[in-house]
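The block underneath contains the structure these notes are about, expressed in structure tokens.
The values are calculated or read from the model by the stated rules, or taken from the named source; none is laboratory data. On a predicted model such as this, the values are computed, not experimentally measured, just so you know. Virtual Cβ from ideal backbone geometry, glycine too; neighbours counted across all protein chains shown.
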Amino acid sequence: MRLLVTGAARLFTDRYGRDPEGVWYAPGRVNLIGEHTDYNEGFALPFAISAGICVAAAARDDGVIALSSRQHGDATVIVPLDTLGPGRPDGWAAYPAGVAWALLSAGHRVGGASLAIDADLAAGAGLSSSAALECAAGLAFADLNQLALPRSELAALGRRAENDFVGAPTGLMDQLAVLLCQAGHALLLDCRAGTGTGVPLDPAAAGLALLIIDTRVQHELTDGGYGARRRACEDAARILGARSLRDITDVSVLDQLSDRVLRRRARHVVIENRRVLDTAELLRSGQLNRVGALLTASHASLRDDFAVSWPEADAAVEAAIAAGAHGARMTGGGFGGS
Ligand code: GLA
């Protein structure tokens with residue numbers, strides 16, 4: 001992380017010819033278990049990883065947001081605050097700019113700022129580089145403008161940027177994970193309450209290791225598959241007369257769904273919620289070595305019922321288990337990533 005701080009600060013000085021006022025950091029995340037449950041008001045269990053994103057920033061007095069990124073070429077993107085809106089700017093710059101827009105839309109006072117971004121977190125690897133970028137930028141904007149925002153509120157603003165500015169209809173898990181996870185712990189999220197509780201996660205102490213495998217298949221949450229899954233879940237809940245699939249705990253209730261696809265999508269969510277709570281219980285009672293079977297079951301469910309895994313992920317899971325892993329699964333939204 002220290003290298004990243006220096007990298008962002010140096011890029012800042014190169015691009016803007018002065019020192020930044022500070023450098024803000026947000027990590028990536030891996031979701032241990034609880035996939036496609038967040039927008040169903042269910043449970044998830046992510047943890048932060050040591051790769052992340054740094055934003056070096058300083059206020060400016062010309063009402064402009066300037067954005068530079070070491071990973072995204074030479075040009076500095078410059079946008080007047082009063083012209084910010086979905087699509088302006090687009091591409092990578094939409095994530096930090098979208099957070100300034102979300103803050104302004106929520107009535108916060110935000111002035112111009114220069115930002116320089118450096119990352120050691122791969123984009124498109126399903127490790128929440130989008131949320132890390134939104135949240136690091138959000139922390140910078142909040143401090144530069146002396147906004148005393150609780151982290152949970154910043155997370156919600158990051159999600160607003162992602163949903164309404166970037167156009168990816170995601171839940172809140174990633175932003176909460178990125179802003180609230182603590183070292184040595186996973187974060188048990190109750191996505192209805194919007195709260196998170198730390199649960200000890202220390203693989204090394206149990207003589208185990210958690211391996212993150214980037215399949216190098218890029219994933220995109222704006223390209224339709226994610227939104228279609230979300231709509232299927234909402235349709236299933238509506239047909240069953242439930243506020244959300246969170247309220248269904250008995251899988252036999254799903255027999256009322258005549259549409260086979262909806263039934264399978266809903267079954268994944270209902271059973272995945274239970275797997276999250278079971279995993280948290282095992283972690284709390286020091287039985288990390290028994291979590292593997294739940295991870296593998298989660299993968300099978302995401303592959304067969306929810307249909308969001310991809311061939312390279314299935315191959316990685318099979319290879320890991322054949323090589324002696326206790327369990328393995330895809331993490332994140334699916335259709336690519338890790
Ligand atoms: C992406 C989204 C999250 C969540 C996961 C699937 O990471 O950003 O909100 O829905 O997919 O669990």
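So if I check each of Ala131, Ala122, which one is under 30 Å from Thr215 (Cβ atoms), within 16 Å of the ligand (Cβ to nearest atom) and part of a loop (DSSP other than H, G, I, E, B)?
Numbers: Ala131 fails: part of a loop (DSSP other than H, G, I, E, B).
Selected residue: Ala122, the only one of Ala131, Ala122 that is under 30 Å from Thr215 (Cβ atoms), within 16 Å of the ligand (Cβ to nearest atom) and part of a loop (DSSP other than H, G, I, E, B).
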Exercise. Only one of (1) more than 23 Å from Phe335 (Cα to Cα); (2) crowded, with 18+ Cβ neighbours inside 10 Å is not met by Leu147, so which one is it?
Worked result: (2)
Exercise. If only one of Gly63, Gly28, Gly17 is at positive phi and either touching a Gly at 6+ places or on another chain (Cβ under 6 Å) or buried (at least 24 other Cβ atoms within 10 Å of the Cβ) (or both), which one is it?
Worked result: Gly63
For this session: Hey, can you tell me all the residues within region 52-105 that are touching a residue at least 12 places away in the same chain (Cβ under 8 Å) and of a type in the set (Ser, Thr, Tyr)?
Result: Ser68, Ser69, Thr76, Tyr95, Ser105
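Please tell me if Leu149 is of a type in the set (A, V, I, L, M, F, W, C) and farther than 18 Å from Arg192 by Cα.
yes
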Exercise. Can you pull out the residues in region 212-228 that are over 17 Å from the mean Cα position of the chain (by Cα) and of a type outside the set (A, V, I, L, M)?
Worked result: Thr215, Arg216, Gly224
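Kindly indicate whether any position in region 239-258 is over 17 Å from the mean Cα position of the chain (by Cα) and under 28 Å from Ala137 (Cα atoms). Lay out the reasoning, then the answer.
The first filter runs over region 239-258 and keeps only residues over 17 Å from the mean Cα position of the chain (by Cα), leaving 239-258.
Going one step further and asking which of them are under 28 Å from Ala137 (Cα atoms), we end up with none.
The answer is no, given that none of the residues of region 239-258 is over 17 Å from the mean Cα position of the chain (by Cα) and under 28 Å from Ala137 (Cα atoms).
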Exercise. With (1) over 30 Å from Asp247 (Cα atoms); (2) touching a Ser or Thr at 6+ places or on another chain (Cβ under 9 Å); (3) of a type in the set (Val, Ile, Thr); (4) surrounded by 23 or more Cβ atoms within 10 Å (Cβ to Cβ) as the list, and Ile33 as the residue in question, which single condition is left unmet?
Worked result: (1)
Problem set entry | Which numbered condition Ala100 misses (of (1) within 16 Å of the ligand (Cβ to nearest atom); (2) assigned to a helix (DSSP H, G or I); (3) small (Gly, Ala, Ser)) | (1)
Exercise. Is it true that some residue in region 158-179 is within 11 Å of the ligand (Cβ to nearest atom), under 28 Å from Pro200 (Cβ atoms), surrounded by 24 or more Cβ atoms within 10 Å (Cβ to Cβ) and among the hydroxyl-bearing types (Ser, Thr, Tyr)?
Worked result: no
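Test Gly184 against the stated conditions and say whether it is more than 18 Å from the chain's Cα centre (by Cα), touching a residue at least 12 places away in the same chain (Cβ under 8 Å), more than 14 Å from the ligand (Cβ to nearest atom) and on the phi > 0 side of the Ramachandran plot.
Yes, satisfied.
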Seminar exercise, completed: Within region 282-314, residues being among the basic types (Lys, Arg) and closer than 17 Å to Val270 by Cα number 1
Exercise. Any chance region 104-119 includes a residue that's within 11 Å of the chain's Cα centre (by Cα), farther than 15 Å from Cys54 by Cα and either away from the ligand (no atom under 16 Å from the Cβ) or not aromatic (Phe, Trp, Tyr) (or both)?
Worked result: no
Exercise. Going by the structure shown, is Arg192 under 27 Å from Ser285 (Cα atoms) and either touching a residue at least 40 places away in the same chain (Cβ under 8 Å) or buried (at least 18 other Cβ atoms within 10 Å of the Cβ) (or both)?
Worked result: yes
Problem set entry | Of residues in region 194-211 being under 18 Å from the mean Cα position of the chain (by Cα) and modelled with pLDDT under 95, the one nearest to Arg243 (Cα to Cα) | Gly194
